[in-house]
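The values are calculated or read from the model by the stated rules, or taken from the named source; none is laboratory data. The structure presented is a predicted model; accordingly, all values stated were derived computationally and were not measured. FYI the Cβ positions are ideal-geometry reconstructions off the backbone, even for glycines, and counts take in every protein chain you see.
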Amino acid sequence: GESVGLHLPTLSVQEGDNSIINCAYSNSASDYFIWYKQESGKGPQFIIDIRSNMDKRQGQRVTVLLNKTVKHLSLQIAATQPGDSAVYFCAENTGRRALTFGSGTRLQVQP
Amino acid sequence: SQTIHQWPATLVQPVGSPLSLECTVEGTSNPNLYWYRQAAGRGLQLLFYSVGIGQISSEVPQNLSASRPQDRQFILSSKKLLLSDSGFYLCAWSFASGRENEQFFGPGTRLTVL
């Protein structure tokens, strides 16, 4: 079946650098995407979302890019901080009742 | 504002024992409700969702069940736990406004079956 997946299981960056977390999706019918951040032992928290009629959306220190041609989604975090260390999930709305989540990427910020 | 609660936060149960995890939402009416399971270091697996009282959809066949006795209450149950039921259980809610979009997650319950 169609699914969402992530390219890298673990990403290690230096504090202050920019981070880019990638996600590939295969369901061309998906029209809404979300990035979640999950800290250890906690539930996922919403970071930013984007609809399929957009290519880019910016938040505070975060930017999501959507490339529908190659079915690729990315999350960019500017000036990565130690508090950004977490597992990041992309999720898509395929038209079903619930979101479909990717397997996650662990971001490790080195001081 | 809306809040979502889950309890207990952690639970250790022997194999074959029953299970009851509770989730409640405050500050909204007629939410869509979801139960997910997350194995260690893995993604989220949708178990059940509900669009209304008494309406439960199961995503994965298993020995778990869900019930929604009240509008903002969602319960995950099992009559006999298996070792493979260990994991992090997350409840989530979303607005019931057509196609579901953002989901808001609770703090989770860490279940260990011994």
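Tabulated results
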quantity	calculated
Tally of residues being surrounded by 13 or more Cβ atoms within 10 Å (Cβ to Cβ) and at pLDDT 95 or above across segment B:18-32	6
All strands (runs of 3 or more DSSP E) inside segment B:1-93 with 3 or more residues being free of Cβ contacts under 8 Å to residues at least 40 places away in the same chain and within 12 Å of chain A (Cβ to nearest Cβ)	B:44-52, B:55-58
Flag for B:R37 being among the basic types (K, R) and either farther than 21 Å from A:G102 by Cβ or surrounded by 18 or more Cβ atoms within 10 Å (Cβ to Cβ) (or both)	yes
Among the candidates A:T94, A:T10, residue that is of a type in the set (S, T, Y), over 27 Å from B:W93 (Cβ atoms) and within 14 Å of chain B (Cβ to nearest Cβ)	A:T10
Answer from A:A24, A:A29 - the residue that is in a strand (DSSP E or B) and either in contact (Cβ under 8 Å) with a residue 60 or more places away in the chain or of a type outside the set (D, E, K, R) (or both)	A:A24
Top-ranked residue in segment A:68-94 [being touching a Ser or Thr at 6+ places or on another chain (Cβ under 8 Å) and among the small types (G, A, S); ranked as farthest from A:G41 (Cα to Cα)]	A:A78
Total residues in segment B:36-74, condition among the charged types (D, E, K, R) and farther than 30 Å from A:A86 by Cα	2
Selected residue (criterion: farthest from B:T10 (Cα to Cα)) from residues of segment B:94-110 that are without any contact (Cβ under 8 Å) to a residue 24 or more places away in the chain and either buried (at least 21 other Cβ atoms within 10 Å of the Cβ) or at the interface with another protein chain (Cβ under 8 Å from one of its Cβ atoms) (or both)	B:R99
Test: residue in segment A:57-80 that is outside any strand (DSSP E or B), away from every other protein chain (no Cβ under 14 Å) and closer than 26 Å to B:C91 by Cα	no
Segment B:88-114 - residue that is more than 18 Å from B:H5 (Cα to Cα) and touching a Leu at 6+ places or on another chain (Cβ under 9 Å) and, of those, modelled with the lowest pLDDT	B:E100
